[in-house]
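Down below is the structure, laid out as structure tokens.
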Amino acid sequence: MSSLALPSQSVGDLTITAISDGYLHASFDFLANIYPADAARMQQNAGITDHTSVHINCYLVRGNGRTVLIDAGAGGFKQWGGRLRANLLLAGVIPSAIDAILLTHAHPDHVGGLIDASGETAFPKAELFAHHREVAFWQDDGNLSRAPERARGNFLVARQAFDGYRDRLRTFDTGEVLPGMMAVPLPGHTAGHTGYRLESGGQNLLVWGDIVHFPEIQIPRPEVSIAFDQDAQLAATTRTGLLDLASSDRLLIAGMHLSESGFAYVARRTDGGYRMASAGRAPA
Ligand SMILES: [Zn+2]
């Protein structure tokens with residue numbers, strides 16, 4: 001299988017490839033503002049057979065002499081994902097070829113793959129970039145003590161990742177993180193949840209992180225939030241605003257839980273909501 005078989009998009013001099021890490025499962029009980037039966041019906045209507053599966057994407061960005069990975073998948077944490085390394089190889093990339101990793105945030109399905117099964121860093125030459133508020137949040141013992149039991153393990157995974165890369169950890173606030181890669185604050189999901197706008201040759205693409213977990217539910221109904229959102233209200237406000245922007249500006253979108261296709265446009269429906277549109281062609 002060649003890398004041509006993996007979903008890819010060109011943005012000027014950059015090639016962005018969706019690298020699947022596999023799946024996690026999230027019960028519809030975690031969703032707010034929707035009945036589980038309605039969530040199931042929406043998945044069914046979208047042709048999704050495994051209703052509660054959430055696909056995990058990472059993105060490989062090549063160009064301008066760099067090989068950059070955005071997020072690192074779950075690495076098998078709770079038996080989630082774990083396919084990043086094998087799928088990177090399909091794209092012709094070995095772990096030591098990655099020279100930078102940009103994090104959207106530090107939940108375990110995004111940083112679990114930074115550390116391998118033996119406790120070593122999985123990407124031995126990569127600098128790790130994260131928003132300074134994201135790093136500070138997970139390092140704070142007060143936040144750990146206030147976290148619900150379900151979320152305690154998330155702190156341990158995030159801390160292990162940041163500790164493993166401590167000599168190569170680069171934090172940022174706003175602006176350009178690497179040439180042509182701009183940080184876009186997307187508040188609500190976590191303290192430092194960040195998207196990246198990739199720009200080259202007058203073209204651009206937005207990697208929107210965890211704006212949605214169930215795209216066929218939350219794009220049509222952006223008020224539906226998930227228990228993983230630290231601030232559900234703010235996350236919903238951010239999601240709605242971004243869907244509005246993405247549809248009006250016809251932004252090409254990449255998202256960590258967007259789908260196996262990896263890329264999409266957002267179109268406004270005639271009833272005022274939104275829908276996902278194929279990345280093959282910008283919606284009219
Ligand atoms: Zn996630």
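The values are calculated or read from the model by the stated rules, or taken from the named source; none is laboratory data. In this text the structure is predicted, and so the values were computed from the model without any measurement. Using ideal geometry, Cβ is built from the backbone for each residue, glycine included, and neighbour counts are taken over all protein chains shown.
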Quiz item: Looking only at residues in region 38-78 that are in a loop (DSSP other than H, G, I, E, B) and closer than 13 Å to Gly113 by Cβ, which one is farthest from the chain's Cα centre (by Cα)?
Solution: Gly76
Quiz item: Would region 52-75 turn up any residue that is more than 27 Å from Ala183 (Cβ to Cβ), out of contact with any strand residue (DSSP E or B) (no Cβ under 8 Å at 6 or more places or on another chain) and in contact (Cβ under 8 Å) with a residue 12 or more places away in the chain?
Solution: no
Self-check item: Failed criterion for Gly82 (all others in (1) assigned to a loop (DSSP other than H, G, I, E, B); (2) without any contact (Cβ under 8 Å) to a residue 60 or more places away in the chain; (3) in contact with a helix residue (DSSP H, G or I) (Cβ under 9 Å, 6 or more places away or on another chain) hold)
Solution: (2)
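One line per residue, one yes/no per condition, for (1) exposed (fewer than 15 other Cβ atoms within 10 Å of the Cβ); (2) in contact with a Ser or Thr (Cβ under 8 Å, 6 or more places away or on another chain); (3) in a helix (DSSP H, G or I):
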{"residue": "Arg150", "(1), (2), (3)": "yes, no, yes"}
{"residue": "Asn154", "(1), (2), (3)": "no, no, yes"}
{"residue": "Val177", "(1), (2), (3)": "no, no, no"}
{"residue": "Leu206", "(1), (2), (3)": "no, no, no"}
Quiz item: Which one is nearest to the chain's Cα centre (by Cα), of the residues in region 243-284 that are within 16 Å of the ligand (Cβ to nearest atom) and within 23 Å of Ala32 (Cα to Cα)?
Solution: Met256
Exercise. Tell me which residues, restricted to region 85-114, are in contact with a Leu (Cβ under 8 Å, 6 or more places away or on another chain), away from the ligand (no atom under 16 Å from the Cβ) and in a loop (DSSP other than H, G, I, E, B).
Key: Ala91, Val93, Ile94, Ile98
Quiz prompt | region 79-116, subset among the β-branched types (Val, Ile, Thr) and within 16 Å of the chain's Cα centre (by Cα), residue surrounded by the fewest Cβ atoms within 10 Å (Cβ to Cβ) | solution = Ile101
Quiz item: Quick one: is Gly119 over 22 Å from Gly63 (Cβ atoms) and surrounded by 24 or more Cβ atoms within 10 Å (Cβ to Cβ)?
Solution: no
Quiz item: Would a scan of region 177-186 turn up a residue that is within 16 Å of the ligand (Cβ to nearest atom) and not aromatic (Phe, Trp, Tyr)?
Solution: yes
Exercise. Quick one: which residue in Ala117, Ala158, Ala191, Ala130 is within 16 Å of the ligand (Cβ to nearest atom), in a loop (DSSP other than H, G, I, E, B) and either in contact (Cβ under 8 Å) with a residue 12 or more places away in the chain or not β-branched (Val, Ile, Thr) (or both)?
Key: Ala191
Quiz item: Being β-branched (Val, Ile, Thr), surrounded by fewer than 20 Cβ atoms within 10 Å (Cβ to Cβ) and out of contact with any Pro (no Cβ under 7 Å at 6 or more places or on another chain), is that true of even one residue in region 225-239?
Solution: yes
Quiz item: What single numbered condition from (1) closer than 22 Å to Leu6 by Cβ; (2) small (Gly, Ala, Ser); (3) at pLDDT 95 or above fails to hold for Ala37?
Solution: (1)
Quiz item: Picking from Met256, Met182, which residue would you name as being without any contact (Cβ under 8 Å) to a residue 24 or more places away in the chain and under 28 Å from Gly113 (Cα atoms)?
Solution: Met182
Self-check item: All positions within region 16-37 that are part of a strand (DSSP E or B) and under 21 Å from Arg83 (Cα atoms)
Solution: Ile16, Thr17, Ala18, Ile19, Ser20, Asp21, Gly22, Tyr23, Leu24, His25
